[in-house]
Amino acid sequence: MLRILQGLEMGIINETGLFLCQARRDGVSFRTTLTLGRQNLYVDDKTLRQIASRFNIETSALLNEKSRYAEAFLRRTLMAETITSLDYSDYEGADISHDMNVPTPEHLEEKFDAIIDGGTLEHVFNFPVAISNCMRLIKSGGRMFIFTPANNQMGHGFYQFSPEVFFRTFCPSNGFEIERMIAVEFRHMEAEYGSFQRQYIVRDPDRAGARVTLRNSHPVALMIQAMKVSHKSRPFERYPQQSDYLKVWDGKSREHSAVADRSDRFDSVLRHLARRLPLSIRKVLALNYHRYFTHSFRNRTSYVPIMNRK
């Protein structure tokens, strides 16, 4: 990735630290771990104490070993035995210098139990090659962890990502499946400097039967955990397509979830009531309905709240 300014480096923040520790408690192996870029550690002392208590780790060890970089944290919390960092240059002391815009060497294929991207992929212009590199480097049964911007962070990197790109990338035909995807809404642009407001489980648009969209006023990031089921030396034998277009092209009717059915019934009632109103008022009501319900975290077809904290 490109060199970025001091204070904006990729790294482990409170929410991603907890996310990784939960994966370890669920049995995920981090024995051989690759990080995209050398990870800075932004986890504050309060969260370190919370991690120590929740995951039975010695509190003093976590606090005493805290430093700028996250290797000690990853060893102590995730039981990582070997931590290798890969970056465009060695300006932060990365172990491997490689431009992720181009394919990685064959000798790295299937070498790692886990890959952690704490904020790199959005800075790599050739995203399909970069994500394909990651998919090839993970061992079968290993995990890919991605923490990346999703909304209201224009200018942070080349991209901010829709959930669908990851659901269609980490799918069975490419040898993967997504185990967790969580959207985190932050108070401030720089997530390492501010606490989050809410977290939501993100549903697969293909299963939800509708696009997963969002219009909000705070920065949002995605935390993703995907498992590699089988190895493919060329993950994208067929390039991904959006699920709603595939249904149209295949002539398939929309598959409704129970939540979607209830939402459609509610929409039907609203439309019936709205027919009694003037057209100008109906348009205003429709626009505000979609703003506050369809394209927001209030949409339970797309998002399921899992935590609220002021």
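The values are calculated or read from the model by the stated rules, or taken from the named source; none is laboratory data. Worth saying up front: this structure is predicted, and the values here are computed from it rather than measured. Please note: Cβ atoms are built from the backbone with ideal geometry, for glycine as well, and neighbour counts cover all protein chains shown.
Observations on the model:
- For the range 144-166, the tally of residues that are in a helix (DSSP H, G or I) and over 10 Å from the mean Cα position of the chain (by Cα) stands at 2.
Residue-by-condition table, conditions (1) surrounded by fewer than 18 Cβ atoms within 10 Å (Cβ to Cβ); (2) over 30 Å from Thr32 (Cβ atoms); (3) in contact with a His (Cβ under 7 Å, 6 or more places away or on another chain):
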{"position": "Gly155", "(1), (2), (3)": "yes, yes, no"}
{"position": "Phe161", "(1), (2), (3)": "no, no, no"}
{"position": "Arg168", "(1), (2), (3)": "no, no, no"}
{"position": "Glu185", "(1), (2), (3)": "no, yes, yes"}
{"position": "His231", "(1), (2), (3)": "yes, no, no"}
{"position": "Arg234", "(1), (2), (3)": "yes, no, no"}
{"position": "Gln242", "(1), (2), (3)": "yes, yes, no"}
{"position": "Trp249", "(1), (2), (3)": "yes, yes, no"}
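- Test: residue in the range 175-189 that is modelled with pLDDT of 95 or more and more than 30 Å from Tyr42 (Cβ to Cβ): yes
- Members of the range 37-47 that are farther than 17 Å from Arg25 by Cβ and assigned to a helix (DSSP H, G or I): Asp45, Lys46
- Residue match in the range 7-23 (condition: assigned to a helix (DSSP H, G or I) and aromatic (Phe, Trp, Tyr)): yes
- The set of residues from the range 48-75 being part of a loop (DSSP other than H, G, I, E, B) and of a type in the set (A, V, I, L, M, F, W, C) comprises Phe55, Ile57, Ala70.
- In a residue-by-residue description of the range 11-21, the property of being at pLDDT 95 or above, surrounded by 14 or more Cβ atoms within 10 Å (Cβ to Cβ) and of a type in the set (Phe, Trp, Tyr) applies to at least one position.
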